[in-house]
Structures are given as structure tokens and as C-alpha cells.
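So the structure is just underneath, and the comments pick up after that.
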Amino acid sequence: MKGSPKIGAHVSIRGGYGRAARFAWESGAACFQYFPKNPRSLKPKPLDRRDAEDCAAFCRKHNMVSIAHTPYPTNMAADTTGAASRSVMVASLRNDLEIAEACGSLGIVVHFGHFAGMEPLQGYQNIIQCMNDTLSSWDGRAKLLIENQAGNHGSEGMTLEELVKVRELSRFPEKIGFCFDTCHAFAAGIWNPDQTAKLLQWGTELDYWRNLTAVHLNDSLFPFGLRRDRHAGVGEGYIGEYSLRELLLSEPIRHAVVALETAKGPDGSHRQEIAAVLKWYEAEE
């Protein structure tokens, strides 16, 4: 991340993408995350090019960046049959990519996927095929950003190795990056804050950090390794401010854009949390 740190939060697109960018800017953010469409539906959304360009132009003017987050029902491990089949996932992901591209976003964050009882090998193959189908004719700059999982729906997607491997085995690794969620990593047991150096070294050996685009900066309401995905405000959970700061300012991670997914403050924004995190960087200068 060149220049000033890109810190922000998830914002609503009620009022449009351009309004979302302005709301983020007004709260002191240089980065924001948004749902490109209804977060509870996979139904493709017609692209409002005027609104998307308004968002992109505002971000260019104010040196802001953004990432989109795919809807909750998105599951790259889905099989080829059923109402939530692979073809439905691919159509939804392509729609998300098109909207993100038009808004000038870096990419779309997508959870690794849930196997829902299927054989793990089949699940991994489904994820790879879903990414291949989604990206086969995609020539935009927006990337698919795979997010690590907490383990609350199964053990798949909890490790950095899995994310690195499916990217490596895809046909289009250059179109795929990563989003690291701090709460998920803590809940999954892959990041013990007392051993942050161990996580950083392992990610370096796997070549994970080089392909990291974004960080979800969240504390955890539950203790280490319980596989419970419940976010707490920064410094208000079991991870703690010191450990989140140590991780975020580490050399392999500090280049990534950062989005908070925590509760809003009294004014309906993340203004206070954003300002607090920015002070971490200022203290280093």
C-alpha cells in the first residue's frame, strides 16, 4: 500500500454506490467495502453505469479505494445441480465482478465455500471449477478475493494452505487474490496473537501475503480457536488492540487495504474506529 494507509469500513449502498463512497469519505475513510447487490440474494442486478461511474470518479478524485463483498448465499463449492447450482454461483459472481469493475473497485471478496457434507476432494474441485468458469472470459482489473473462514460451518477454508492451493490450481491465478479476516483466523486457530511472527513466516513461505489485497479488521467476541465467527470492535474482544496493531503494521500485511466489519458508532459510522486505527500508523512516523 503506497502512500497513506487505506483504512475504512463496510458501508451501505442505500442511495447508490456514489453515495456510499461519499459516506465513507465523510467518516474519514480512504477505503470502503460494500455489497454490490442484495446481500441475501444471488439474483443478478442490472448495472447502473451512471451511479457506478459516479462512485469510481469520486474515488479517483479523493484517492480512495473500494472492495465489494459477494452476497451471503454465495458458495463456490456448490455442485452442478439444484436451485443454488454452480451456474447460479458463476452468474452471480460475474455480476458482482462487473459492478465492482464499473465502480473502480479492487475486487470482490468471496468466502472460500462450504462443502455441506460432500467429500472434501469434490468440494475443492468444485471451488476450482467455479473460479475457472467465472474468470474464463473475465478481462477486467477487479479480482476474485478469497476470504479465509472461521470454521463455524465446517473445517474447509480455515487454513492459508487451502486458499493458496486452490488459487494455484486454477487456470487464472493472476485474476485471484486474498482477503484476510483477523477474527476468522483467530477463531479458526491459525493465528495465535502470542505467536504472530509464526503466522507471518508461514504466510511468507506459502507466498500468501504477496497476493493479499485486503484485510477485514475485526476483533473476536469469543476466545481463540472456538470456530465462532462473531466480530467485536477493535480492542473490545479477545484479540485485543495490541495484537491487531502488531499484525496490521507488519511488513507483509501493511500494504493491504483495510475494512472494518464491526458495529457502527453512535453517529451511524465507523469514524471513531477509523481514526483510532490511523493513529497506529501515525505513531510509527
Calc'd 3J(HN,Hα), segment 161-177, phi into Karplus 6.51 cos²θ - 1.76 cosθ + 1.60 (θ = phi - 60°), Hz, glycine/Pro = x, comes to 4, 4, 5, 5, 5, 5, 5, 4, 8, 6, 7, 10, x, 5, 9, 10, x
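How long are the semi-axes of the ellipsoid equivalent to segment 104-233, from square roots of 5 times the Cα gyration tensor eigenvalues, in whole Å, largest first? Present the calculation step by step, with values, prior to reporting the outcome.
On the way: eigenvalues 115, 58, 38 Å².
Here the semi-axes work out to 24, 17, 14 Å.
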For the peptides 263-271, 220-228, 27-35, what is the packing order when you average, over each peptide's residues, the other Cβ atoms within 10 Å and list the highest mean first? 27-35, 220-228, 263-271
Net length gained if the chain between K279 and S87 were fully extended (0.36 nm per residue, minus Cα distance): 64.6 nm
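Leaving out ligands and nucleic acids, note down the accessible area per residue over the chain with a 1.4 angstrom probe, in whole Å². Mind showing how you got there, number by number?
Details: 12850 Å² over 285 residues.
With all protein chains present, the chain gives 45 Å² per residue.
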Mean Cβ neighbour count within 10 Å, used as a protection proxy, ranking 199-209, 148-158 highest first: 148-158, 199-209
Zone of S136's modelled label, taken as backbone nitrogen in segment 159-181 under 13 Å from a point 7 Å along Cα→Cβ: 171-172
Report the Cα centroid-to-centroid distance between segment 235-285 and segment 104-129 in angstrom, as an integer. 28
Among the DSSP beta bridges whose two residues both lie in the chain, what percent are antiparallel, rounded to the nearest 5? 5
Sulfur and carbon atoms: percent of accessible area, the chain [1.4 Å]: 51
Taking θ as phi - 60°, what are the ³J(HN,Hα) couplings along segment 52-69 by the Karplus curve (6.51, -1.76, 1.60), each to the nearest whole Hz, with x for Gly and Pro? 5, 5, 4, 5, 4, 5, 5, 5, 5, 5, 9, 6, 9, 10, 8, 9, 9, 10
Given the DSSP H assignment, sum -39500 (n - 2.57) over each helix run of at least 4 residues in the chain and divide by its residue total; what's the result at 222 nm in deg cm²/dmol, nearest 500? -11000 deg cm²/dmol
Amide H neighbours of H111 under 5 Å, counting only residues 5+ apart in sequence or on other chains, H built in-plane at 1.01 Å? E147
Highest average packing first - 137-145, 186-194, Cβ atoms within 10 Å: 186-194, 137-145
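Distance cut-off 32 Å, Cα to Cα: go down the list K6/K198; K143/K264; K165/K279; K45/K175; K43/K279; K37/K264 and report the pairs above it.
On the way: K6/K198 25 Å; K143/K264 28 Å; K165/K279 36 Å; K45/K175 22 Å; K43/K279 41 Å; K37/K264 21 Å.
Violating the 32 Å limit, Cα to Cα: K165/K279; K43/K279.
The values are calculated or read from the model by the stated rules, or taken from the named source; none is laboratory data. The shown structure was predicted, so the numbers you read here are calculated from the model rather than taken from an experiment. No Cβ is skipped: glycine too gets one built from the backbone with ideal geometry, and neighbour counts run over all protein chains shown. Keep in mind that these areas ignore ligands, DNA and RNA; they rest on the heavy atoms of the full protein, side chains included. Shrake-Rupley method; radii C 1.70, N 1.55, O 1.52, S 1.80 Å.
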